[in-house]
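Engineer: Just dropping this structure here.
The values are calculated or read from the model by the stated rules, or taken from the named source; none is laboratory data. What you are looking at is a predicted structure, and each value in this text was computed from that prediction instead of being measured. Cβ atoms come from the backbone with ideal geometry, glycine included; neighbour counts cover every protein chain shown. All accessible areas refer to the heavy atoms of the entire protein, side chains included, with ligands and DNA or RNA removed. Shrake-Rupley method; radii C 1.70, N 1.55, O 1.52, S 1.80 Å.
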Amino acid sequence: NLDALDVYTVSALLKAHAMRGDLSSVKRVLAALEGRSGSVVDGAEVASWPGTGSEGVLHPNNRCYNIVMSAAADSKAEDGLELALQIFNTLSDPIKAKIKDGAGQATNMLEKDAVSYNTIIKALTNNGRFDEAIEVFYQMKKAGVRPDKYTYTSLVKAILTHDDIEEFLYDMRDQGVTPDAMTFNTIIRCLCEQKKLFAARKVVNMMEEAGVSPDSWTYGYLMKGLIENGNPSAALTLFETACSDRRTVGVTENVHLYTTAMAAAATIGDHHRALELLSRMKSLGIKPNLKTMTTLVGACLSAGEPDLAVDVYRRIPNPDSYAVTQGLLAMSQARK
């Protein structure tokens, strides 16, 4: 019933389309809400909604525009980021939005809020437009909008291009935002992706000095970084050190870290180590998943043990395409 439409219902509809990744529907709903009935958006005509348009009472609010910006930025559409930036730039800066008109009345301009800024900072960073992301961050502070944890987490990759980690953390605290495990782990992940492993280990020290304990994600990022940078033995050493320390053994007892350790063993062709890790997992009550078993198949192949790899493969209940490929490779090499 279109007569029952209100801005809250429409924002929920926008959110539902956004969660499905349906940017075209998001754009059409916004166009209808803005009173642009009859226009064509992505090949479909925009419906006419009662109460919309310049004479209507139903208009999009900040939440609606923020949902559309986020949907556009997260989409794989070529013009997704540009659409998000276009909407962002139509919203008024908070300071300007508070300016009164000639009659002394406060203007009713929709203004950018923390969610608006965070959405664009994240989008620009994800698209490698780091300097622009930092510029929007400075605009945010200048406009009097206080950055929050999500602002800084979104900004990490952009800041790391300037190697300003300590200044970044200082600025967080200065704004009243306390770095948590997610903040530090995001920094560590980005540093590992950039092959800056020494800097990543330094951030772990900063993390501990701040009273934040490394968790399984911390170890996972470090181990993956070591493996991808050609040092799987160091990844295994890091894992075993954590396993032997009563302060950290708890964070290692999960399928993700054991599988990563098995991947390190596979990289050096040590299938005995991989099998031993599988045995330890089971003794701890950790159930191997598809990735675990596929990694073990790869470890056996790397060690020149195709018969054993076939045996492991046959224990995988529902192999995916990659596991099937590994299994077929093992079968082709196994003794007849």
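Engineer: Which cross-chain or sequence-distant (5 or more) residues have an amide H under 5 Å from the amide H of Asp270, H modelled 1.01 Å from N in plane?
Structural biologist: none
Engineer: Quick one: plug the Kirkwood hydrodynamic radius of segment 108-265 (C-alpha pairs) into Stokes-Einstein at 25 °C, 0.890 mPa s, and report D in µm²/s.
Structural biologist: In µm²/s, the coefficient rounds to 147.
Engineer: Taking GluC sites (Glu not before Pro) as exposed when DSSP calls them loop (any state but H, G, I, E, B) and at most 13 other Cβ atoms lie within 10 Å, what is the longest stretch of the chain free of them, the sites themselves excluded?
Structural biologist: The longest such stretch corresponds to 79-336.
Engineer: Just in segment 158-261: which trypsin sites (Lys or Arg not before Pro) are loop by DSSP and have at most 14 other Cβ atoms within 10 Å?
Structural biologist: Filter output for segment 158-261: Lys195, Arg246, Arg247.
Engineer: Can you list residues whose amide H is under 5 Å from Glu111's amide H, if they're 5+ apart or on another chain and H is modeled 1.01 Å from N?
Structural biologist: When sequence neighbours closer than 5 places are left aside, the close amide H contacts are Ser92.
Engineer: For the chain, what is the accessible area per residue in Å², given a 1.4 Å probe and the full set of protein chains?
Structural biologist: In whole numbers, the chain has 53 Å² accessible per residue.
Engineer: How much of the accessible area of the chain, probe 1.4 Å, is carbon plus sulfur, in whole percent?
Structural biologist: The value for the chain is 51 percent carbon and sulfur by accessible area.
Engineer: Got a sec? Charge dipole of segment 205-333, +1 on Cβ for Lys and Arg, -1 for Asp and Glu; which of Ala235, Met293, His272 is way out at the positive end?
Structural biologist: So the residue we want is Met293.
Engineer: Quick one: what are the phi-derived ³J(HN,Hα) couplings along segment 273-288, Karplus 6.51/-1.76/1.60 with θ = phi - 60°, whole Hz, x for glycine and proline?
Structural biologist: My calculation for segment 273-288 gives 5, 5, 5, 5, 5, 4, 5, 5, 4, 5, 5, 8, x, 8, 7, x Hz in order.
Engineer: Let me ask another. Putting +1 on Lys and Arg Cβ atoms and -1 on Asp and Glu Cβ atoms, find which of Ile67, Val251, Gln86 reaches farthest to the positive end of the dipole of the chain.
Structural biologist: Looking along the dipole axis, the top candidate is Val251.
Engineer: How large is the dipole of the chain about the Cα centre if only Lys and Arg carry +1 and Asp and Glu carry -1, each at its Cβ, rounded to the nearest 20 debye?
Structural biologist: Approximately 820 debye in magnitude.
Engineer: Return the loop-located trypsin sites (Lys or Arg not before Pro) in segment 1-76 (DSSP other than H, G, I, E, B) with at most 13 other Cβ atoms within 10 Å of their own Cβ; answer none if there are none.
Structural biologist: Arg20, Lys76
Engineer: Hey, another quick one. Report which label in (i) 36; (ii) 59; (iii) 49 holds the value of percent of Cα pairs over 28 Å apart derived from the coordinates of this structure.
Structural biologist: Matching entry in (i) 36; (ii) 59; (iii) 49: (ii).
Engineer: Under 5 Å between amide H atoms, partner at least 5 residues away or on a different chain: which partners does Val41 have, H built in plane at 1.01 Å?
Structural biologist: It is Val46, by chain and number.
Engineer: Pull out a ≥ b ≥ c, the square roots of the eigenvalues of the alpha-carbon gyration tensor of segment 231-318, then state rounded if a/c is under 1.5, prolate if not and a/b is larger than b/c, and oblate in the remaining case.
Structural biologist: In terms of gyration-tensor shape, oblate.
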